[in-house]
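Peer 1: Structure in C-alpha cells, see below.
The values are calculated or read from the model by the stated rules, or taken from the named source; none is laboratory data. Keep in mind it's a predicted model, so treat the numbers as computed, not measured. Here the Cβ positions follow ideal geometry from the backbone for every residue, glycine too, while neighbour counts run over all protein chains shown. Ligands, DNA and RNA are excluded from the accessible area calculation, which covers all protein heavy atoms including side chains. Shrake-Rupley method; radii C 1.70, N 1.55, O 1.52, S 1.80 Å.
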Amino acid sequence: MKNKFFRGRRLRQNEHLRSLVQEVYVTAHDLIAPIFVTEGKKKRIQVEAMPGIERVSVDELPSEIDIIRASNISSVLVFGIPTEKDGKATLAWKENNLVQRAVETIKRHDPSLTVMTDICLCAYTDHGHCGHLDSQGRVTNDDTLETLSKMAVTHAQGGADVVAPSDMMDGRVGAIRRALDENNFIHVPILSYAAKYASAFYGPFREATQCGIKGDRKTYQMDPHNVREALREIRADLEEGADMVMVKPALAYLDVIRAAREHFDAPLFAYSVSGEYSMIKACAARGWINERAVVMEILTAIKRAGADRIISYFAKDFKKFQETEG
Ligand code: PBG
C-alpha cells in the first residue's frame, strides 16, 4: 500500500538534509551597517532608544570601522548629525562638511570598504523636515533639489562610493545625477530610497539624529496603504537614473519588496529601520524572545521576500549571531 501524501518531513529529519535543501542564506555580504557621525572629539554617545548604537565623532570612526569589519561587513551607510541646524541646512553642503570628513577618514583607514552616504536635509534643518519650507510652512520641492544636489557633490568630493538620497522629493534622482555628472562624478552610483513610507518605525532614528520635527512627513513620504504607488516611484527613479533602489521600512513591507523584485531587475535594497531594531532589543532585554534567532529569522524573511541587500543596525553584531547557535 503506497502512501498518497506528501512526505515533507523526509527532508527535515536532520541538519544535513535541512541544509541540503535550504533556499535562502543570509551572510555578512548581504548586510550594510549604518553609522551615525557627529561633531566633536572622542565622542561616543549612546542612542537611548537603540541599545548598542552610538553617535560617534570623526576621530572614533577608525575604531568603529574595525568593529564593523570584525563582522565581515563590507559596506557602510553614513549619516551626518551636525550640532548646529538652520533653516537652510547649511551644514549639509558647505565645504569640508561633517560627512565629507567622515568619508575621508573611513576611506583612509580602510580603502576597500564601500562607503555610502545618506542624502537628506532632515538632520540639518532646524525645523526637522527633509526639504526647505515656504512662508506657509509647506515643504518645497524644486529648491530642495538644488540643496540635495550640492550635498551629493560634496559627498562625492569626499570620496563616497555611492550616494543614497532618502528625502523623497520628486525629481531628486535626476537632479543629483545631473549635478554629479556636471562635476565629473559620472562614476558615482545612486542608491535611491525609491519607495520610502511615512512610517512610525522611524521613531528611534529621530532620537539618534536629534531631529526635532513637529508634524509628519506625509506630504513627501509614501502612504503605507499603497503598494502600486511604490512601483510608480521605483519606475520613476530608475528612469531618472537610479542605479539601485530601496524599499523602506522592511519588516512591515515585505509585500512591497516582493512586488519590486518581480517588476524590476535593478539591484534591490531593503532598510530594516530603527523601530525594527529597537523592538527586538527591548524584547530581548526582558528575556521575552531569543534575539539571535529572531534577528536571523527576520533577515531571512527580508531576503526571501526578494531583497538583494539589507541595511540593518544588527550588521555590527552579525559575527556574534553567526557564531552562536540558538
Ligand atoms: C532621513 C532618514 C530617516 C531614516 C533614514 N533616513 C528618517 C525619516 O525619514 O524620518 C530612518 C532610518 C531608521 O529609522 O532607521 N530622512
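Peer 1: Picking from ASP66, ASP86, which residue would you name as being within 24 Å of TYR124 (Cα to Cα) and open to solvent by 20 Å² or more (accessible area, probe 1.4 Å)?
Peer 2: Being within 24 Å of TYR124 (Cα to Cα) and open to solvent by 20 Å² or more (accessible area, probe 1.4 Å) holds for just one of ASP66, ASP86, which is ASP86.
Peer 1: May I pose another question? Hey, any hits in segment 210-233 for a residue that's open to solvent by less than 30 Å² (accessible area, probe 1.4 Å), farther than 19 Å from VAL273 by Cα, hydrophobic (A, V, I, L, M, F, W, C) and in a helix (DSSP H, G or I)?
Peer 2: yes
Peer 1: Then there's this: Report, by residue number, each residue of segment 19-31 that is open to solvent by less than 100 Å² (accessible area, probe 1.4 Å) and either of a type in the set (Lys, Arg) or over 15 Å from ALA301 (Cα atoms) (or both).
Peer 2: Hits for segment 19-31 are SER19, VAL21, ALA28.
Peer 1: Would you confirm whether or not segment 52-65 contains a residue that is in contact with a strand residue (DSSP E or B) (Cβ under 8 Å, 6 or more places away or on another chain) and without any contact (Cβ under 8 Å) to a residue 12 or more places away in the chain?
Peer 2: no
Peer 1: How many residues, within segment 80-127, are among the charged types (D, E, K, R), within 22 Å of GLU146 (Cβ to Cβ) and over 21 Å from the mean Cα position of the chain (by Cα)?
Peer 2: 7
Peer 1: Looking at the structure I just gave you, is ILE176 more than 16 Å from the ligand (Cβ to nearest atom) and aliphatic (A, V, I, L, M)?
Peer 2: No: the conditions fail for ILE176.
Peer 1: Restricting the first residue to segment 268-284 and requiring it to be farther than 12 Å from ALA200 by Cα and open to solvent by 10 Å² or more (accessible area, probe 1.4 Å), which pairs with a second residue that is within 12 Å of the ligand (Cβ to nearest atom) and among the small types (Gly, Ala, Ser) meet a Cβ separation below 7 Å and a spacing of at least six or different chains?
Peer 2: Going by the 7 Å Cβ cut-off, the qualifying pairs are SER272/ALA250; SER272/SER312; SER278/ALA49.
Peer 1: Does GLU48 satisfy being among the charged types (D, E, K, R), in contact with a Pro (Cβ under 9 Å, 6 or more places away or on another chain) and closer than 30 Å to ASP134 by Cα?
Peer 2: No.
Peer 1: Something else: Hey, LYS42 hits all of (1) free of Cβ contacts under 8 Å to residues at least 12 places away in the same chain; (2) on the phi > 0 side of the Ramachandran plot but one; which does it fall short on?
Peer 2: (1)
Peer 1: Quick one: which residue in LYS303, LYS320 is assigned to a helix (DSSP H, G or I), within 21 Å of GLU23 (Cα to Cα) and open to solvent by 20 Å² or more (accessible area, probe 1.4 Å)?
Peer 2: When all the criteria are applied, what remains is LYS303.
Peer 1: Sticking with this structure for a sec: Checking the structure you have, find out if any residue of segment 203-214 is more than 24 Å from ILE35 (Cβ to Cβ) and without any contact (Cβ under 8 Å) to a residue 40 or more places away in the chain.
Peer 2: Within segment 203-214, not a single residue is more than 24 Å from ILE35 (Cβ to Cβ) and without any contact (Cβ under 8 Å) to a residue 40 or more places away in the chain.
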